[in-house]
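The structure under discussion appears below in the form of structure tokens.
The values are calculated or read from the model by the stated rules, or taken from the named source; none is laboratory data. Here the structure is a predicted model, which means the values were calculated and not measured. Don't worry about glycine lacking a Cβ; one is built from the backbone with ideal geometry, like all the others, and counts go over all protein chains shown.
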Amino acid sequence: MYFYKSGDFSFSELKDNLKNGKTFWLSVVITAVGMVVAFLLSSSLKGIFPNVDDGMIGLTRNNLFQLILFAISTIIFPPIAEEVFYRKAIIKFDTKGILIFTSSVGMILYALEHSLSWLGILETIIIAVPLTISYIKTKNVYIPMTAHFLVNLIGNGTTVILVAIKLLGL
């Protein structure tokens with residue numbers, strides 16, 4: 001709501017971008033593939049450091065209400081809030097030095113939102129790299145936002161479906 005009211009996010013701009021065609025969607029697919037590769041790379045760190053807690057927060061989903069909250073808070077809100085804040089609001093293009101500095105700050109803050117352990121921070125920074133590069137290259141926050149949404153939809157959406165099946169006794 002804040003980002004909408006402040007003008008940093010617009011449903012009409014999002015809609016226009018979604019209808020923009022090949023250039024937009026190619027950038028989204030490249031970013032999403034980058035996220036998947038980054039996720040696989042960051043997940044391999046757990047194998048290298050099996051006894052280190054990654055400090056990631058797990059949301060409970062023991063009933064349908066919790067499952068709905070899980071879906072909203074892991075699929076819908078993060079792509080909008082995180083991309084607008086950690087990319088659009090923080091990254092500045094004034095000079096190359098400022099761009100590198102603000103991009104690094106954005107990725108570190110993004111990682112700190114997800115974990116407070118060094119392993120979780122490193123894992124999350126790796127995942128933030130393709131999102132950050134996508135925003136820097138395109139200067140269009142809706143590209144990493146859409147890729148982020150699609151990756152979360154597939155990853156967390158699968159969890160939502162499996163838990164819903166279990167909770168509903170299907």
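Here is a yes/no grid of residues against (1) within 22 Å of A128 (Cα to Cα); (2) in contact (Cβ under 8 Å) with a residue 60 or more places away in the chain; (3) of a type in the set (A, V, I, L, M):
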site: F11; (1), (2), (3): no, no, no
site: M35; (1), (2), (3): yes, yes, yes
site: F49; (1), (2), (3): yes, yes, no
site: L59; (1), (2), (3): yes, no, yes
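Within the group A71, A38, which residue is touching a Gly at 6+ places or on another chain (Cβ under 8 Å) and in a helix (DSSP H, G or I)?
A71
Counting just the residues of the range 111-140 that are in contact with a helix residue (DSSP H, G or I) (Cβ under 8 Å, 6 or more places away or on another chain) and among the small types (G, A, S), which one comes out modelled with the lowest pLDDT?
Filtering first and then ranking leaves S115.
Just to verify a result, which residue in the range 96-123, among those that are under 23 Å from K139 (Cβ atoms) and of a type in the set (S, T, Y), is surrounded by the fewest Cβ atoms within 10 Å (Cβ to Cβ)?
S104
Checking I30 against (1) in contact with a helix residue (DSSP H, G or I) (Cβ under 7 Å, 6 or more places away or on another chain); (2) surrounded by 13 or more Cβ atoms within 10 Å (Cβ to Cβ), which single condition isn't satisfied?
Status for I30: all satisfied but (1).
Could you please give the count of residues in the range 126-157 that are within 11 Å of the chain's Cα centre (by Cα) and under 17 Å from V105 (Cβ atoms)?
So the count comes out to 6.
If T60 passes every condition in (1) of a type in the set (S, T, N, Q); (2) closer than 21 Å to I126 by Cα; (3) part of a loop (DSSP other than H, G, I, E, B) but one, which one does it miss?
Looking at each condition in turn, T60 falls short on (2).
Identify all residues within the range 12-27 that are of a type in the set (G, A, S) and surrounded by 13 or more Cβ atoms within 10 Å (Cβ to Cβ); write none if there are none.
S27
Here are some residues: F93, F65. Which one is loosely packed, with under 12 Cβ neighbours inside 10 Å, farther than 20 Å from L112 by Cβ, touching a residue at least 40 places away in the same chain (Cβ under 8 Å) and over 12 Å from the mean Cα position of the chain (by Cα)?
From the options F93, F65, the qualifying one is F93.
Which is under 25 Å from G7 (Cα atoms), outside any helix (DSSP H, G or I) and modelled with pLDDT of 95 or more, of I91, I108, I143, I98? Spell out how you get there, then give the answer.
Values: I108 fails: outside any helix (DSSP H, G or I); I143 fails: outside any helix (DSSP H, G or I); I98 fails: outside any helix (DSSP H, G or I).
Step by step, each of I91, I108, I143, I98 is checked, and only I91 is under 25 Å from G7 (Cα atoms), outside any helix (DSSP H, G or I) and modelled with pLDDT of 95 or more.
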